Amino acid sequence: MLREVDPEIATLIQAEEHRQARKLRMIASENDVSAAVLEATGSVLTNKYSEGYPGKRYYEGQQVIDQVELLAQDRAKALFGVDHANVQPYSGSPANLAVYLAFLQPGDTVMGMSLPMGGHLTHGWSVSATGRWFRSVQYEVRKDTGRVDMDDVRALALAERPKVIFCGGTAIPRTIDFPAFADIAREVDALLVADIAHIAGLVAGGAHPSPVGHAPVITTTTHKTLRGPRGAMILTDAAHAKAIDRAVFPGLQGGPHNHTTAAIAVALKEASQPEFRDYAHMIVKNAQALAEALLERGFDLVSGGTDNHLVLIDLTSKLIGGKPAAQALDRAGIELNYNAVPFDTRKPFDPSGIRLGTPGVTTRGLRPEQMPLIADWMDRAIAAHDNDQALDLIAAEVEELLGSL
Ligand SMILES: *Cc1c(COP(=O)(O)O)cnc(C)c1O
């Protein structure tokens, strides 16, 4: 059908499908969704407007949509063990904006982890609306450990008295200490928000401690380790439910993306199966095996290793920038992103590091015994970064491995 209507786009989609199939997809925030999630995403639910919430809509014809959204809510509540779930945020960034709208006034103080230290733009980084319209104070990691020091966080919170504290981020290879953040938030009377966008699947599968009971408000994307469609959720206790719902609609958004809601429901069902627990734990085992293999090959890892799905490499000792390394690796069939490392001396568009993760390759079926192979390929590709022939040779080996799975 698509091929007849729009052969150009059909060809491009097919090309992307082939590209994904023959690459080791190691961007830490990406994954491969199931055929069931894809099918829900491509359904007629995309035709429907349904501003409001189940039972309180501004458009007619919600007999089916209400059931879809209620199912998604119920599954999210059961999987994470929370009182309330809003499944309407269009993505992780608007989900976080809803938190600002719900609990802060412009100019109020918000505290988050600084972007180059592993935080997210929406946790108050200067170029983001959250850093421009709010007074943002940012915690960092320690230079000697590459980890957040909770004494530093506490001191900053006591000095700046933020109304909201964000924990979580996009390039944090270590376990987030939710109880310690909760203690600090309590001490300064701040609202603790746990942004578990990257680790939601690990939390759901029991491979990372849960923020529930520590953070009354939890934001997450649904498309990273959780392996659902591009979307987001906000999970809250009963006390913060109403403020969040009002902030999402009508505060920030119009009609929810119902096809996405359905696909989120499917992903939540998949994540509640026993096999998903195995999957979540295998992601971490793979990341730890990869980290070990990289260390053995002289790579310098931020914080010295990983507790979760991601590895952050400082390439300074390999005498190459993150960007040329990432480009060479992409040519060699290993897809990841260049990334700032803590206390980076290079520019954000050409930083010192690369970030990679194992959610995607774990979905593909790779196991810890194959991680040294990946580390070898990475080592070879970085050494031969300006030799296209050598890179193409590695890409062929990658393709062979993926073809054998
Ligand atoms: C990915 C991410 C987001 C933003 O999600 P988008 O869907 O890209 O808007 C927010 N917070 C954290 C910690 C993330 O990793």
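Odds and ends about this structure:
- Under the Debye formula (equal points on every Cα, no solvent term), log10 I(q)/I(0) of region 354-400 at q = 0.15, 0.26, 0.33 Å⁻¹: -0.43, -1.07, -1.22
- Coordinate range along principal axes, alpha carbons of region 282-403, Å, largest first: 39, 35, 23
- Here the chain is assigned +1 on the Cβ of each Lys and Arg and -1 on the Cβ of each Asp and Glu. Its dipole about the Cα centre then comes out at about 700 debye.
- Ligands, DNA and RNA left out, the 1.4 Å accessible surface of the chain is 53% carbon and sulfur atoms.
- Each Lys and Arg contributes +1 and each Asp and Glu -1, all at the Cβ; summed about the Cα centre of region 128-208, the dipole is approximately 240 debye.
- Cross-link partners of residue 163 among aspartates and glutamates, defined as those whose alpha carbon lies under 17 angstrom from its own and excluding same-chain residues fewer than eight positions apart: 108, 183, 187, 189, 195.
- Once the C-beta distance of residue 387 and residue 349 is scaled by a Förster radius of 25 Å, the resulting FRET efficiency is 0.55 to the nearest 0.05.
- Protein heavy-atom accessible surface, 1.4 Å probe, per residue over the chain: 44 Å².
- For region 134-150, backbone phi angles converted through the Karplus equation (6.51, -1.76, 1.60; θ = phi - 60°) give residue-by-residue couplings of 10, 8, 9, 10, 10, 9, 10, 9, 6, 5, 7, 10, x, 10, 5, 9, 5 Hz, Gly and Pro being listed as x.
- If both residues of a DSSP beta bridge must be in the chain, then about 55% of such bridges are antiparallel.
- Antiparallel %, DSSP beta bridges [both residues in region 38-271], to 5: 40 percent
- 12 Å beta-carbon shell around residue 293, net charge (K/R +1, D/E -1): -4
- Euclidean distance of C-alpha centroids, region 183-227 and region 306-345, integer Å: 26 Å
- Legend: translational diffusion of the chain by Stokes-Einstein, Rh = Kirkwood radius over C-alpha pairs, 20 °C, 1.002 mPa s; D = 98 µm²/s.
- Cα-Cα over 22 Å, subset of 323/347; 143/318; 23/224; 23/323; 224/318; 77/224: 224/318
- Net charge dipole size for region 57-163 [Lys, Arg +1 and Asp, Glu -1 on Cβ; Debye, nearest 20]: 240 debye
- Of 114, 50, 29, the one that fluctuates the most in a GNM where the chain has Cα springs shorter than 10 Å: 50
- MRE, 222 nm, helices only [DSSP H, n ≥ 4, -39500 (n - 2.57), over the chain, to nearest 500]: -13500 deg cm²/dmol
- Among 12, 268, 336, the residue with the largest mean-square fluctuation in a Gaussian network model of the chain, with springs joining Cα atoms closer than 10 Å, is 12.
- The GNM of the chain, with springs linking C-alpha atoms under 10 angstrom apart, assigns the highest mean-square fluctuation among 122, 145, 222 to 145.
The values are calculated or read from the model by the stated rules, or taken from the named source; none is laboratory data. These numbers were taken from a predicted model, which means no experiment stands behind them. With ideal geometry, Cβ positions are generated from the backbone for all residues, glycine too; neighbour counts draw on all protein chains shown. Quick note on the areas: whole protein, heavy atoms, side chains included, nothing else; ligands and nucleic acids left out. Shrake-Rupley method; radii C 1.70, N 1.55, O 1.52, S 1.80 Å.
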